[in-house]
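As structure tokens, the structure follows; a few thoughts come after it.
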Amino acid sequence: MRWLISCLGLIVLSRSAICYFITVDAHAEECFFDRVEAGMKMGLTFEIAEGGFLDIDVKIVGPDQKVIYQGDQESSGKYTFAAHLSGVYTYCFSNQKSSMTPKVVMFNMDIGETQRPVEHTSDGKNADDTNHSKIDDMIKELSTSLWGVKNEQEYMQVRDRNHRAINENTNFLVGMWAFFEAMVLVCMTVGQIFYLKRFFEVRRVI
């Protein structure tokens, strides 16, 4: 029973991954911070939900102010790396190239757990039973997979909403263009009838 409680705790605490929605105004930059220890696995996944051409500038900066990753005018992306130093890591989304359109960004900062030191008893054996360790490892892998599936589902929902908006906008433009063409044809038909009527009209001089 004790190992079951610890396993359930691992599912909740083994990984920290939260999805956020933010709005980045034109000529603005939004930054977020995470304090981690050296060697921890970190990841950033993002998707532009709304705004302009669905692109934004992304930058990840380490505690030593070294740029770890930088992307310009990206619509979506996924970047994973291991923390090379202990300290505060910065994630920034910049919309400074946009003149007037704000951008809605969905992103996820994924932080893995640190390696726990293996405890030994006085007789040299591991403190946890081997079977329990295997179960813990399997639960960690399951937790990682579940987080991945959850994130992919959220990003698929955002992509579906973006594509549906593009399709609806395209259908509206096609309908308006068809209506414009119909009005032009009607006007040309009426004009031709009026012209021909005047051309064949017989005028009498009294």
Computed FRET value (nearest 0.05) for Phe81 with Asn167, which takes r as the C-beta separation and R₀ as 35 Å: 0.45
Positive minus negative residues near Tyr69 (Lys, Arg vs Asp, Glu; Cβ under 15 Å): -2
If each residue of separation counts as 0.36 nm, what is the full-extension length gain between Ala38 and Gln192 once their alpha-carbon separation is subtracted? 47.4 nm
Expressed in nm to one decimal, what extension gain is obtained for the pair His27 and Asp160 from 0.36 nm per residue of sequence separation less their Cα-Cα distance? 45.1 nm
List, in the order given, every pair from Lys41/Lys134; Lys97/Lys150; Lys66/Lys97 whose Cα-Cα distance in the structure shown is over 29 Å. Lys97/Lys150
In nanometres, what is the gap between the two model label sites at Asn131 and Ser145, each 7 Å from Cα along Cα-to-Cβ? 2.2 nm
Inter-label distance for Ser99 and Ala178, nm, one decimal - labels placed 7 Å from Cα along Cα-to-Cβ: 3.3 nm
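Every number here is computed from the coordinates shown, using simple stated rules; none is lab data. Please read all numbers here as calculations on a predicted model, not as lab measurements. Here the Cβ is made from the backbone with ideal geometry for all residues, glycine too, and neighbour counts use every protein chain on show.
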